[in-house]
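These notes concern the structure reproduced below.
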Amino acid sequence: MDLTYSYFPGCTLKTKARDLDVYTRKTAAALGADLVEIENWQCCGGVYPLGSDEVGNKLSSVRALNDAKEHGRDLVTVCSGCFHVLKRVNDDMKNVPDIRDRANRYAQLAEPYQGETRVLHYLEVLRDAVGFDTIRKKTLHPLTGHRIGAYYGCLLLRPSAILEFDDPEDPSVIEEFLEAVGATPVKYQMRNECCGGYRSLEEPAFTNRLVGKIFADAKASGCQELVTACPLCFYNLQKYDGPDKLRVRYISEVLAQALGIDERGEVR
Amino acid sequence: MTKEEANIREEVLLISGCDVSRCMKCGKCSASCPAYDEFDIKPHQFASYIARGDMNALMQSKTIWNCLGCFACVERCPRDVRPGRLIDGVRQAAMRRRGGSHLQPEDIPSRIDPDTPQQLLMSVLRRERK
């Protein structure tokens, strides 16, 4: 199977979420997948523009999607926010004629873009292309005895009819991933509830309360640590300063640890 | 309902693409909402406010700025009314009016710290400023 993909890192992975980017690239390489960064990609905007009449704010996603199409590749991203926006814009380009027509008139591409590209989250590449069995075999340092909770949040899961990522009420892909690297996944009720997202800029006390509930539930369920794929969830979880706080890491960092890869990509 | 409210209602229905007549007031949206306590007008009330054209109250509500856009209500609505899209439609209608931007650029520097992710700033700017 050809494991060459167009890769959309997104704005935060170049700076504040550098670990998410670096360990994604290094682990992908170690697992035989080639993530080719899209040239001159532009920020997806962070939130999907919900207005049925909005086109301008979707164009950066359309350009990235079209670039992948022109290279004949699937488009991979690991940031939950980018995944959410790119996949929803792609759905518009495939299924909403008004947006498709107007976006194409703006973008003036060689060929009209009609939603041909497949948008994948890195977790889907690991599960469906690399395979969790391969990861199990290549794990040099299994996380034996680590009781880890998956924190999905909202951007990966909802709306499920469009994102088609996992069961929105009982997701399992991160738990399966954790099992593959030898950890003990712990399911807890609030793993698909919102961390407060962008409200942390204006109302940090509010998001702190929401995150507190998530940590309390995770800890009471037996988690020793949480993993996430979202820089905004990561930030809000890290900022929490109350009881029950647990360690939080990115999924790619946990994978790198299991594969024995350091940030230079060397196997230890 | 004033003429201006009728215009706003039409705009919100267009932006959101929702059919408020489908709502059966079961309250599942409000029960699912993580920001319920931060709302003055609750998610399950939006459909009926819009149905009767009480748009000024919605436009001035705290709800439209406190909604997290987490889509729990949209996912769980048994009638596909999608309350989150209604709330977002009102937010956009408010923001598209002159002086309607919520957060001002000068409000930002004091709220960021060395770890603030770009994703957070981008999301807020996209949602709250035109």
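What to note about this one:
- Helices (runs of 4 or more DSSP H) (entirely within the range A:128-236) containing at least 1 residues that are more than 9 Å from every other protein chain (Cβ to nearest Cβ), free of Cβ contacts under 8 Å to residues at least 40 places away in the same chain and of a type outside the set (Lys, Arg): A:173-180, A:204-220
- Listed conditions (1) within 12 Å of another protein chain (Cβ to nearest Cβ); (2) in contact (Cβ under 8 Å) with a residue 60 or more places away in the chain are all met by A:Ala256, apart from (1).
- Any hit, the range B:19-31, residues being of a type in the set (A, V, I, L, M, F, W, C) and free of Cβ contacts under 8 Å to residues at least 40 places away in the same chain: yes
- Here A:Arg147 passes the criteria (1) in the same structural domain as A:Ser221 (by TED's automatic domain parsing); (2) in contact with a Gly (Cβ under 7 Å, 6 or more places away or on another chain); (3) under 24 Å from B:Ser32 (Cβ atoms) except the one numbered (3).
- The residue that is farthest from A:Ser80 (Cα to Cα), among those in the range A:138-156 that are out of contact with any Lys or Arg (no Cβ under 9 Å at 6 or more places or on another chain) and crowded, with 24+ Cβ neighbours inside 10 Å, is A:Cys154.
- Inside the range B:7-63, residues that are within 14 Å of chain A (Cβ to nearest Cβ) and in contact with an Asp or Glu (Cβ under 9 Å, 6 or more places away or on another chain) make up a count of 11.
- Residues that are without any contact (Cβ under 8 Å) to a residue 24 or more places away in the chain and over 13 Å from the mean Cα position of the chain (by Cα) occur at least once in the range B:80-98.
- Residue tally, condition in contact (Cβ under 8 Å) with a residue 40 or more places away in the chain, away from every other protein chain (no Cβ under 14 Å) and in contact with a strand residue (DSSP E or B) (Cβ under 6 Å, 6 or more places away or on another chain), over the range A:72-121: 7
- Selected residue [surrounded by fewer than 21 Cβ atoms within 10 Å (Cβ to Cβ) and under 18 Å from the mean Cα position of the chain (by Cα)] from A:Pro171, A:Pro243, A:Pro204, A:Pro185: A:Pro171
The values are calculated or read from the model by the stated rules, or taken from the named source; none is laboratory data. Since we're looking at a predicted model, the values are computed, not measured. All Cβ positions, even for glycine, are placed from backbone atoms using ideal geometry, and neighbour counts span all protein chains on display.
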